[in-house]
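Colleague: For reference, the structure I am asking about is given below.
The values are calculated or read from the model by the stated rules, or taken from the named source; none is laboratory data. No experiment lies behind these values; they were computed from the predicted model shown. Methodologically, a virtual Cβ is constructed for each residue, glycine included, from the backbone with ideal geometry; neighbour enumeration extends over all protein chains shown.
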Amino acid sequence: MDSSNAIVMPGERITIIEEVAKEKRVILGPGLRRLDDTVVASKAGPLRHKEPGTYWIDNYQRRYVPARGDLVLGIIKGKAGDQYRVDIGSADIASISYLAFEAATKKNRPDLNPGDIIYARVLNASADIEPELVCVNSNGKRGKLGLLADGFFFKCTLNLGRLLLRENCPALAALTRELPYEIAIGVNGRIWVKANSLRETMALSNAILTMEQAGYTEIDKICDSLGDVLQA
Amino acid sequence: MFMNTGFFEPGKTKTERKFIQQAVKQSQRLDGRKSGESRDVQLTFGGEYGSVVVSLGDTKVMAQVTCDMGTPTTSRPNEGKLQLYVTLAGVSYLDSVQKTHDKRSLTLNSLLERTFRTSRCVDLESLCVASELHVWCIRVDVNVLNHDGNLYDASTVAVLAALMHFRRPDVTFTDGELRTYTEKERDMIPLLFLHYPVSVTYCIYTSNFQPFVDPTLLEENTADSTIILSFNSYQELCTLNAGGTVPTDVRTIMQCARSAANRCKAMVTFVRKALDQDEQQCLEGTKKNTGMLGLMENSSQKLSFKTLMKGDQKQQQYKTEDMDLEVEAKPNPKLEADEGENADNVENVESDQPAQEEELPMDDSGWLPQEPEPTIDPTKQSPGKPKRKRNKGNKKKQ
């Protein structure tokens, strides 16, 4: 990934991509759109590039816009018919069917109550209908999805979630050196963590929240101080 | 620049509630504070009289005092008016239900009304220009800019500081003619206070009966009950707001009251010091004349509780010795500042303050009962059950 810091503003014409597009196929990610023969930014932020031809804008945003295939953390809000209503931070409340859990049948329903947290995948996301979630993969297995019990849960900006999920992000690996933990990161800006003890969980969540402002170089520093705190 | 840091309201899931309950059991808080430790309070005064921004951690509240001539009510023809308006519109959580929002603003409004209006902290009779005809109407606008818990304390400090910072123009009423003097003609007049109330908020959880002071929004949302106590600087109770589901016993409430009384006193001293410093800066001309945006910016000059009150903890120990010194030292800078025709008026305020401060050592928490000795405790607990029930009944009424 190219982490050059070319900041673009909404409405700006991006000629670099147009040049590249003459030779090969390019994929325009979030924040970029094509107007006839030109490529125009629709959001503000640094322009990112990934080989071979993917471009997107890493803009700062706190409202989640659902997209198919996203892994999200949702809060159960209630039951409606044969569906649960789930808050995933999008404009609409999402829904998940009783049958979208592993080994669920009409008789054998999952036991979820308002206030529970689930880790789910977005199955359907369209501007006009409410998003639909699912807690199983195409083989009917739950994998890592489903109810998250215990631990601690907090909300953050979308950027922090994306930052931690980036392939080359050293944060999670650096944290692993300090303590063992479980983590579920939703691209909707919600994070669930669980460590062995309450103290560790607390320290971990604070460390993760401070990482948002930090660069890659500072992550090691944060992890070091986290280790110091835990040893004291 | 200020920003709605929360955006999504925390403390709405079972996981968070369970986690906080466990943390409370071990007397731990997410931000590393102790149960009796408050966040730092920062005051920023605006260029105009009576505009203040208070930040308490991430919580930010702006208060603006304005005045206007009006007619008094028929029931109180020789009293001015004090009106409080609370706006919570600055905080709009994307996932919050409107209901909780309305409830929150109602609670805050009623708390401020009781703390400042019902307790009659501002001398309203001094705001009367002509009985039954002309009185001053003081309007306080409280704007919540960011909510990270403990709106109550931040708002009461903001309102108090704004009222104390405020100056109204001088006015005369002769031969049926009302004349308002501009600042150039006559000095502006500060409001007269009878006492200075501030509130302190506690959260109580079922897993640990120890009260937690100055809760964050997460702690507030997961708490089983919240107690808000307003005290004035003479340690007299002005407001008590208790609610929730935890069976709180008298001891807990008294424990809260004792520490709240001390905290309020320190807070009022802090506001006074901050005001003095602000006035000095205005006189020296070193103060940046900031507008509304400047008030909210992080770069603007802040007067922090921790730095201003550093030396004060020591002073409190030899309170009686230092008292005479303080009384002598205090009036001087203000008198110098307020030379002019309304010097009489200023002297009035000054003579009020030292007199009351001298009283302080005498009624110093005398009404607060001492901590019950552990030997008495078991005997107290056996007849303690009906007591608790009575408490519950009271709460419902409130």
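Colleague: Would you say A:I7 is touching a residue at least 40 places away in the same chain (Cβ under 8 Å), closer than 25 Å to A:S90 by Cβ and of a type in the set (A, V, I, L, M)? Break it down into steps so the answer makes sense when it comes.
Modeller: Details: touching a residue at least 40 places away in the same chain (Cβ under 8 Å): yes; closer than 25 Å to A:S90 by Cβ: no; of a type in the set (A, V, I, L, M): yes.
Considered against the rule, which asks whether it is touching a residue at least 40 places away in the same chain (Cβ under 8 Å), closer than 25 Å to A:S90 by Cβ and of a type in the set (A, V, I, L, M), A:I7 comes out as no.
Colleague: Hey, does the stretch B:120-140 have a residue that's in contact (Cβ under 8 Å) with a residue 60 or more places away in the chain, crowded, with 24+ Cβ neighbours inside 10 Å and closer than 30 Å to B:T222 by Cβ?
Modeller: no
Colleague: Same structure again: For the stretch A:122-136, does any single residue satisfy the condition of being touching a Phe, Trp or Tyr at 6+ places or on another chain (Cβ under 7 Å), within 23 Å of B:K12 (Cα to Cα) and not assigned by TED's automatic domain parsing to the domain that holds A:R190?
Modeller: yes
Colleague: When you go through (1) of a type in the set (D, E); (2) over 24 Å from A:A125 (Cβ atoms); (3) under 24 Å from the mean Cα position of the chain (by Cα) one by one for A:D58, which number turns out not to apply?
Modeller: That leaves (2) as the condition not met.
Colleague: Can you tell me which of (1) assigned to a loop (DSSP other than H, G, I, E, B); (2) touching a Leu at 6+ places or on another chain (Cβ under 9 Å) is the one B:V61 doesn't meet?
Modeller: Every listed condition holds for B:V61 apart from (1).
Colleague: Now, a different point. Can you find a residue that is away from chain B (no Cβ under 14 Å), in contact (Cβ under 8 Å) with a residue 12 or more places away in the chain and closer than 27 Å to A:L198 by Cα anywhere in the stretch A:78-90?
Modeller: no
Colleague: Something else: Looking only at strands (runs of 3 or more DSSP E) that fall completely inside the stretch B:129-216, which ones have 3 or more residues that are under 21 Å from the mean Cα position of the chain (by Cα)?
Modeller: Details: elements: B:134-146, B:171-174, B:177-180, B:197-205, B:208-213.
Fully inside the stretch B:129-216 and qualifying: B:134-146, B:197-205, B:208-213.
Colleague: Looking only at the stretch B:209-233, count how many residues are of a type in the set (S, T, Y) and closer than 15 Å to B:A154 by Cα.
Modeller: Of the residues in that region, 2 qualify.
Colleague: Search the stretch B:21-35 for residues being closer than 14 Å to B:C203 by Cα and among the aliphatic types (A, V, I, L, M), and hand back the single one that is surrounded by the fewest Cβ atoms within 10 Å (Cβ to Cβ).
Modeller: B:A23
Colleague: Identify the single condition in (1) within 14 Å of another protein chain (Cβ to nearest Cβ); (2) among the small types (G, A, S); (3) farther than 17 Å from A:A125 by Cβ that A:A104 does not satisfy, given that it satisfies every other one.
Modeller: (1)
Colleague: I've got another one for you. Where in the stretch A:117-227 are there strands (runs of 3 or more DSSP E), lying fully within it, with 1 or more residues that are surrounded by fewer than 20 Cβ atoms within 10 Å (Cβ to Cβ), aliphatic (A, V, I, L, M) and within 14 Å of chain B (Cβ to nearest Cβ)?
Modeller: A:146-148, A:181-186
Colleague: Let me ask something else. Before we move on, is B:L84 away from chain A (no Cβ under 14 Å) and in a helix (DSSP H, G or I)?
Modeller: For B:L84, the condition - away from chain A (no Cβ under 14 Å) and in a helix (DSSP H, G or I) - is not met.
Colleague: A further question on this structure: Taking the stated definitions as given, is B:S38 in contact (Cβ under 8 Å) with a residue 12 or more places away in the chain, surrounded by fewer than 23 Cβ atoms within 10 Å (Cβ to Cβ), more than 14 Å from chain A (Cβ to nearest Cβ) and among the small types (G, A, S)?
Modeller: Judged against the criteria, B:S38 is a match.
Colleague: Here are the criteria: (1) touching a Pro at 6+ places or on another chain (Cβ under 8 Å); (2) in contact (Cβ under 8 Å) with a residue 60 or more places away in the chain; (3) buried (at least 22 other Cβ atoms within 10 Å of the Cβ). Tell me which single one B:R251 does not satisfy.
Modeller: (3)
Colleague: Here's a follow-up. Return the residue satisfying two criteria in turn: it lies in the stretch A:87-116 and is of a type in the set (D, E, K, R) and in a loop (DSSP other than H, G, I, E, B), and of such residues it is farthest from A:L147 (Cα to Cα). Break it down into steps so the answer makes sense when it comes.
Modeller: Step one: filter the stretch A:87-116 for residues of a type in the set (D, E, K, R), giving A:87, A:92, A:102, A:106-107, A:109, A:111, A:116.
After this cut, where a residue has to be in a loop (DSSP other than H, G, I, E, B) as well, the list is A:92, A:102, A:106-107, A:109, A:111, A:116.
Values: A:D92: 21, A:E102: 11, A:K106: 19, A:K107: 19, A:R109: 13, A:D111: 9, A:D116: 7 Å.
Filtering first and then ranking leaves A:D92.
Colleague: Applying the selection to the stretch B:220-246, what residues are in contact with a Leu (Cβ under 8 Å, 6 or more places away or on another chain) and either of a type in the set (D, E) or surrounded by fewer than 20 Cβ atoms within 10 Å (Cβ to Cβ) (or both)?
Modeller: Correct list: B:Y234, B:L237, B:L240, B:N241.
Colleague: Looking at the stretch B:119-159, which of its residues are under 24 Å from B:T87 (Cβ atoms) and of a type in the set (S, T, N, Q)?
Modeller: Matches in the stretch B:119-159: B:S119, B:N143, B:N146, B:N150, B:S155, B:T156.
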